[in-house]
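Quick notes on the structure that follows.
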Amino acid sequence: MEAVQQRRPPSQGFKRFLATRRGAWVVAVICATLGGLVLLVFVNRYKSSVNEDLASTPVLTADRLIPAGTAGTSVITEKLFRPGAVAEHDAKVGALNDAQGLAGKVATRDILPGQQITAADFAAAADPIRSRISKTERALQIPLSGSQSLQGTARAGDRVDIMVMLNGQGGTATAGAGATQPGARYLMRDVRIMAAGAGSVMLELTDRQAAQVAFASDNAKLWFVLRPPVGAEDSKTSPVTASTLLLGGKPIEVTAKYQETEDGSSVTVKAQEANP
């Protein structure tokens with residue numbers, strides 16, 4: 001009978017290979033390689049996690065206290081904010097990164113120094129008058145109606161020139177005082193109308209301009225002249241009086257004063273052309 005050669009199972013062959021020095025080195029190399037791959041994956045994941053934590057997003061923070069009711073334009077012009085950056089997970093919901101988003105809005109609550117400014121901290125301006133003025137800006141309401149104030153034509157946001165009309169009754173011919181004559185001139189230009197009603201108008205002025213307009217409103221007659229919405233230009237103008245209107249000459253300035261003479265006191269009246 002032929003001898004039957006028995007085959008060994010593969011598992012026994014593998015065990016015999018592992019028992020050799022060569023098999024031990026192969027196993028060691030495989031384990032080291034797998035360990036290195038596991039470590040590399042762990043390090044990459046850790047770096048990604050750290051980078052996510054370090055990723056920053058731009059934000060605006062209050063540079064000083066911003067009281068409730070502060071106009072957004074004031075926050076911008078007075079630089080009440082400070083640009084910065086924080087980690088993404090530290091940024092508040094709705095955090096603003098552009099100050100222009102505050103224009104036309106007002107603060108709804110106090111914002112403390114260092115606090116992030118969010119969209120929820122500001123709302124659309126409920127008061128179009130107070131939200132536009134700051135520092136030396138003033139809102140002056142004067143009684144004015146009819147054609148003088150362009151009633152029925154002018155509206156909020158329009159720009160006007162203001163002319164003042166003197167009736168000639170403001171001066172007296174006394175010592176050291178000048179006698180005025182009727183005339184008109186431009187008092188100021190490019191004034192914004194904040195509101196226009198049936199019997200008054202609200203003007204956006206500086207504190208100095210407000211005093212001038214208030215005095216002129218009580219002691220003279222004001223006329224509004226509507227300016228073009230865009231591209232307005234101003235000509236060089238002179239006061240208009242009876243002499244300039246009818247004769248085309250320069251304004252005549254009339255002065256009166258007392259002059260002492262040997263014969264006694266007498267009045268000397270002098271008329272001269274005024275500078276245009």
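Look at segment 60-69 and say how many of its residues are within 15 Å of residue 100 (Cα to Cα) and crowded, with 20+ Cβ neighbours inside 10 Å.
Final tally of qualifying residues: 2.
To keep it simple, each residue is scored yes or no on (1) exposed (fewer than 15 other Cβ atoms within 10 Å of the Cβ); (2) modelled with pLDDT of 90 or more; (3) more than 26 Å from residue 161 (Cα to Cα).
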site	(1), (2), (3)
181	no, no, no
203	no, yes, no
210	no, yes, no
216	no, yes, no
251	no, no, no
257	yes, no, yes
270	yes, no, yes
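List, please: which pairs have Cβ atoms under 6 Å, are six or more places apart or on different chains, and start with a residue in segment 137-156 that is exposed (fewer than 13 other Cβ atoms within 10 Å of the Cβ) and end with one that is among the polar types (S, T, N, Q)?
143/200
Kindly check whether there is at least one residue in segment 93-106 that is closer than 16 Å to residue 65 by Cβ and surrounded by fewer than 14 Cβ atoms within 10 Å (Cβ to Cβ).
No.
Being modelled with pLDDT of 85 or more and farther than 18 Å from residue 225 by Cα, is that true of even one residue in segment 139-146?
yes
The values are calculated or read from the model by the stated rules, or taken from the named source; none is laboratory data. What you see is a predicted model, and the numbers here were worked out from it, not measured in a lab. When we count neighbours, we look across all protein chains shown, and the Cβ atoms used for this are built from the backbone with ideal geometry, even at glycine.
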